Amino acid sequence: MAEMNIPNKITVGRIGLTFVMVGFLTSGLPFGKTLALVTFGLAGLSDWLDGMLARRLGKITIFGQLMDPLADKILVSAAFVSFVAIDQIVPAWIVITIISREFVVTGLRLLASQQGKVLPAGPWGKHKMIWQTITIVVIMLGLALRDEILPLLMPFESQVQFMEDFGLYFAVTVTFLSHAVAALTTVSGVVYLWDGRDLYMEHT
């Protein structure tokens with residue numbers, strides 16, 4: 001049996017990092033949210049690294065083409081599910097929208113592959129992924145600052161008012177970003193369904 005190549009090992013490792021990230025984020029460990037942010041950054045770096053190595057080494061495989069975007073979806077979905085678990089920082093309906101879109105698009109891609117066709121990621125899908133990533137980083141950074149870093153750095157007597165203000169601005173920012181992501185996710189899913197309508201209309 002052939003050994004898995006290095007880019008594919010990195011891709012599988014990103015799925016492993018997802019579980020580590022969720023553990024840090026939801027376990028209540030000291031500096032767990034800070035470590036979750038670092039882990040998410042490492043996972044993002046691995047996404048760039050496996051693609052770069054696959055192209056340079058000529059190791060682009062069907063497994064990699066399937067698992068690389070799947071690993072990204074698992075990472076993003078796990079982060080948003082964790083945010084629901086942490087006092088519903090992101091509303092559950094937004095997370096359901098994000099995950100549902102990924103299931104629908106993955107199903108459509110599988111349908112396309114069965115017909116020997118490829119549905120590439122469009123600009124709406126790329127914008128969706130960028131803003132999902134930005135939202136995750138902002139939320140993790142905000143949680144790390146609010147719960148772990150700022151209380152350690154600031155004198156106790158000056159914390160109360162500052163943390164109240166910080167909490168307010170953080171909540172407003174998260175609300176804006178999460179709703180923007182929900183809108184982008186919905187639009188990108190609708191566009192994807194419209195562009196691939198020939199794939200499923202003939203079977204309905």
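Quick check on the exposure proxy: order 75, 53 from fewest to most C-beta atoms within 10 angstrom. Working shown, then result.
Details: 75 24, 53 17.
Ordered from fewest to most neighbouring Cβ atoms within 10 Å, 75, 53 come out as 53, 75.
At 0.36 nm per residue, and after removing the present C-alpha to C-alpha distance, how many nm does the segment from residue 100 to residue 9 gain when stretched out fully? List each step's numbers first, then the result.
Numbers: separation 91, 0.36 × 91 = 32.76 nm, distance 2.75 nm.
Working it through step by step, the gained length comes to 30.0 nm.
With label points built 7 Å along Cα→Cβ from the Cα atoms of residue 134 and residue 56, find their separation and express it in nm.
2.9 nm
Cα convex hull of the stretch 121-204: how many Å³ per residue?
Looking at the stretch 121-204, the number lands at 92 Å³ per residue.
Among the lysines, which fall within straight-line cross-link reach of residue 9, defined as a Cα-Cα distance under 25 Å, with same-chain neighbours fewer than 8 residues apart omitted?
59, 73, 126
At what distance in angstrom do the alpha carbon centres of the stretch 125-196 and the stretch 26-61 lie from each other?
19 Å
Could you point to the label whose value was computed as Cα extents along the principal axes in Å for the structure here, given [x] 62, 36, 34; [y] 66, 41, 25; [z] 57, 29, 27?
Label [y] holds the value from this structure.
Starting from the Cα of residue 33, draw a straight line to each of the aspartates and glutamates and keep only those under 19 Å, dropping any in the same chain fewer than 8 residues away.
Residue 33 reaches 87, 147, 148.
Give me the angle, in degrees from 0 to 90, between the Cα long axis of helix 92-114 and the longest principal axis of the Cα atoms of the chain, rounded to the nearest 10.
Once rounded, one gets 20 degrees.
Show that you can apply the helix-only estimate: for the chain, add -39,500 (n - 2.57) for every DSSP H stretch of four or more residues, divide by all residues, and state [θ] at 222 nm to the nearest 500. Could you put the intermediate results ahead of the total?
Details: 8 runs with 162 residues, N = 204.
So the calculated ellipticity at 222 nm is -27500 deg cm²/dmol.
Contour minus end-to-end for residue 66 and residue 201, with contour as 0.36 nm per residue of separation and end-to-end as the Cα-Cα distance?
46.2 nm
Read-outs throughout are calculated quantities, based only on the coordinates presented, and are distinct from any laboratory measurement. This one's a predicted model, so the numbers in the text were calculated from it and none came from an experiment. Cβ coordinates were reconstructed from backbone atoms using ideal geometry, including for glycine residues, and neighbour counts include every protein chain displayed.
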